[in-house]
1. For segment 272-315, what are the residues that are modelled with pLDDT under 95, part of a helix (DSSP H, G or I) and surrounded by fewer than 20 Cβ atoms within 10 Å (Cβ to Cβ)?
2. Is it the case that ARG104 is away from the ligand (no atom under 16 Å from the Cβ) and touching a Leu at 6+ places or on another chain (Cβ under 8 Å)?
3. Take segment 120-159 and flag every residue that is farther than 20 Å from THR23 by Cβ and over 10 Å from the mean Cα position of the chain (by Cα).
4. Here are GLU40, GLU44: which of them is part of a helix (DSSP H, G or I) and surrounded by fewer than 21 Cβ atoms within 10 Å (Cβ to Cβ)?
5. Cβ-Cβ under 6 Å, sequence separation 6+ or interchain: first residue in segment 84-104 and among the β-branched types (Val, Ile, Thr), partner in a loop (DSSP other than H, G, I, E, B). Which pairs?
6. Those residues that are within 11 Å of the ligand (Cβ to nearest atom) and more than 16 Å from GLY225 (Cα to Cα), I need them from segment 133-163; list them, please.
7. Could you please tell me which pairs satisfy a Cβ distance under 7 Å, a separation of 6+ or placement on different chains, a first residue in segment 54-67 that is hydrophobic (A, V, I, L, M, F, W, C), and a second residue that is surrounded by 13 or more Cβ atoms within 10 Å (Cβ to Cβ) and not in a helix (DSSP H, G or I)?
8. Among the residues of segment 254-271, is any assigned to a helix (DSSP H, G or I) and more than 19 Å from the chain's Cα centre (by Cα)?
Amino acid sequence: MATPVIDRGQGAGASAGPGLTTTQSPFIEAAQRAGQLYIEQPYELYSASNHDAWQHLFSRMTGRWQAYANDRFLQGIDSLCLPADRVPRLDDVNRFLAPRTGFRAKGVSGYVPAFVFFDCLRNREFPTTITIRDGVSLDYLPEPDIFHDIAGHVPMHTDRAFADTLVRFGDCAHTAASLVAGIRDQDEKMRRITSVFRAMARFFWFSIEFGLMKGTDGRGYKVYGSGLLSSHGEIAHAVDSPSVQRYPFQLEWVVNQSFEIDRHQPLLFSVQSFEHLFELVGELEAWMRAGKLDNVAPGEPAMSEADVKSFLDASVAAA
Ligand SMILES: [Fe+2]
């Protein structure tokens, strides 16, 4: 049945239906019920309030990005030509993104199990949420949405060293799976996978999601982590607040550092450059091979059943 649309001007239609709102989308629920992880972006389903939510989120971040974001991010936002007034089409984003680094945003219906997620990065595909937060919860939601993924993550993927860093995370996941492939004792295999996953997830959190970089003049900080780049409140807090502890990125600390997702981060780490970040992921992999990630400190993040299964499946395939 055709979806009724109302005209928003400039040729952009908007659905009068329930839209593609986080946790309230029948389209997403149907895809999940059907076991469909990778999905198209049914653009005609976005409602007027979905487009309004994007417009509101985007417009209030513009000044913040100018003040706090890393230069590469600002260049990325420009080169992707993201629309300010409506939810972007993934095809349009990819038309500008793919020629730069080979990365593409790929629509997903929900949570992507850990190994599958890292493997997508290795293939230069970024699993991208297509729903957008409800207009009444613009400031915080625990789930990712298209604003976080497209405005927070994807502009960084236009930078070659950053993009190569994501690919190296994918290499690390394959290394992790192959290192446990020969372990017969299932409990020991699980214990190792859990520890290595925790180390990788912490590294990812304190860099790709919440990373800082020293400003080009060597003073102050600029933001490159997507969790900060998509948060109106936290981007300023991360750089300006005296209550945040900021330290140079230290691998032995980061892989053992627990974190909580539902609060402003009290502890952040900075890298010198994206080339430096790339080298650090190489070091992470070397530590993995040397067994130095087999006993990281307990604590968050926890590994879901789907995460465990994804690594176990990969280890069987690697055996
Ligand atoms: Fe994210």
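The values are calculated or read from the model by the stated rules, or taken from the named source; none is laboratory data. Please read these numbers as outputs of a predicted model, since none were measured by experiment. Cβ atoms come from the backbone with ideal geometry, glycine included; neighbour counts cover every protein chain shown.
1. Across segment 272-315, the qualifying residues are GLU305, ALA306, VAL308, LYS309, LEU312, ASP313.
2. Numbers: away from the ligand (no atom under 16 Å from the Cβ): yes; touching a Leu at 6+ places or on another chain (Cβ under 8 Å): yes.
The answer is yes for ARG104.
3. If the condition is that a residue be farther than 20 Å from THR23 by Cβ and over 10 Å from the mean Cα position of the chain (by Cα), then CYS120, LEU121, ARG122, ASN123, ARG124, GLU125, PRO155, MET156, HIS157, THR158, ASP159 are the ones that fit.
4. GLU44
5. Close Cβ pairs satisfying both conditions: VAL87/TYR46.
6. The one that is within 11 Å of the ligand (Cβ to nearest atom) and more than 16 Å from GLY225 (Cα to Cα): GLU143.
7. What qualifies is TRP54/ARG86; TRP54/VAL87; TRP54/ILE132; LEU57/LEU138.
8. No, every residue in segment 254-271 fails to be assigned to a helix (DSSP H, G or I) and more than 19 Å from the chain's Cα centre (by Cα).
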